[in-house]
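The values are calculated or read from the model by the stated rules, or taken from the named source; none is laboratory data. Fair warning: this is a prediction, and the values are worked out from it, not measured in the lab. Positions of Cβ are generated from backbone atoms using ideal geometry, with glycine treated the same way; all protein chains shown enter the neighbour counts. What goes into the accessible areas is simple: the full protein's heavy atoms, side chains included, and nothing from ligands, DNA or RNA. Shrake-Rupley method; radii C 1.70, N 1.55, O 1.52, S 1.80 Å.
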Amino acid sequence: MRDRNARPRLFPLILAAVALVSCMFFYLSYRLDNKYTMPRPYASMGVTQLNMDWYDSHPFFYIVDGWSFYRDKLLTPEEVEEETPDEYLYLGQYGGFDLGEPSAEPHGYGTYRMVVLLDGAQRTYALELTRIYSRWKLWVNGELMQNVGFEEPNAPAPDSRMVTFSAADRIEIVV
């Protein structure tokens, strides 16, 4: 005959095992697949200084910190030089374009800019964008590299989310 008490004693063990495996999975995801914990160069006030010795050992990194953000302005690289950023932020810092202001509209538009300073040696770089669910333009060193959603003749449309380019002294990214 079956023991009727065996089933209730087994449930807490299964629940504890599932909880433990889930915690381990989320911890490993946080440690190994998180753009905020991966090694990256220091960035501040819209400028990242890229140490090339560090870069040689970490050729893949996220550009998260220190972006200049211009709210409610769609600027070209030439126009962004004449403007003052509304804020310096890290990607994902705010859930919308409100910049943490409760009364501001979370939906809108803006321009992001980052300057990466290099050592002067000509190299080829690749930049991969995360998904952007709106229309946008990407400039690298003043050259329009991708254009999504804007109707312009002869504007480059992306064939992938990655662009490659060469640079020696600096890389200016404007989105």
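Roughly what would the spin-label model give for residue 130 and residue 33, points 7 Å off Cα along C-beta, in nm?
Here the answer is 1.5 nm between the modelled labels.
Summing +1 for each Lys or Arg and -1 for each Asp or Glu, what net charge is found among the other residues whose Cβ lies under 13 Å from the Cβ of residue 106?
Overall, the nearby charge balance is -3.
So, taking all protein chains as they sit and a 1.4 Å probe, how much accessible area belongs to residue 87, in Å² rounded to tens?
50 Å²
Sticking with the crude label model, points 7 Å out along Cα→Cβ, report the distance from residue 141 to residue 20 in nm, one decimal please.
5.5 nm
Report the far tail of the P(r) of the stretch 22-154, meaning the percent of Cα-Cα pairs longer than 18 Å.
That tail contains 64 percent of the Cα-Cα pairs.
Any chance you could list the semi-axes, whole Å, largest first, of the equivalent ellipsoid that the Cα gyration tensor gives for the stretch 61-116, using √(5λ)?
Output for the stretch 61-116: semi-axes of 19, 15, 8 Å.
Could you report the chain's accessible area per residue, 1.4 Å probe, as an integer in Å²?
69 Å²
For Cα pairs less than 8 Å apart in space and 6+ apart in sequence, what is the mean separation divided by the residue count of the chain, i.e. the relative contact order in percent?
Values: 252 pairs, mean separation 33.4, N = 175.
Taking the mean separation of contacting Cα pairs over the length of the chain, I get 19 percent.
Using only alpha carbon pairs under 8 Å that are at least six residues apart, calculate the relative contact order of the stretch 85-175 and give it in whole percent.
35 percent
For the chain, which longest stretch is free of loop sites, where a loop site is one of the chymotrypsin sites (Phe, Trp or Tyr not before Pro) that DSSP puts outside H, G, I, E and B and that has at most 13 other Cβ atoms within 10 Å? Could you put the intermediate results ahead of the total?
Working: sites that count: 36, 42, 60, 109, 133, 150.
Here the longest run is 61-108.
Could you work out the relative contact order of the stretch 38-135, using alpha carbon pairs under 8 angstrom and six or more residues apart, expressed as a whole percent?
In percent, rounded to a whole number, it is 32.
For the stretch 90-175, what class follows from the C-alpha gyration tensor (a ≥ b ≥ c being the square roots of its eigenvalues): rounded when a/c is under 1.5, otherwise prolate if a/b is larger than b/c, else oblate? Before the final figure, lay out each step's value.
Details: a/c = 2.54, a/b = 1.45, b/c = 1.74.
Oblate, since a/c reaches 1.5 and b/c is not below a/b.
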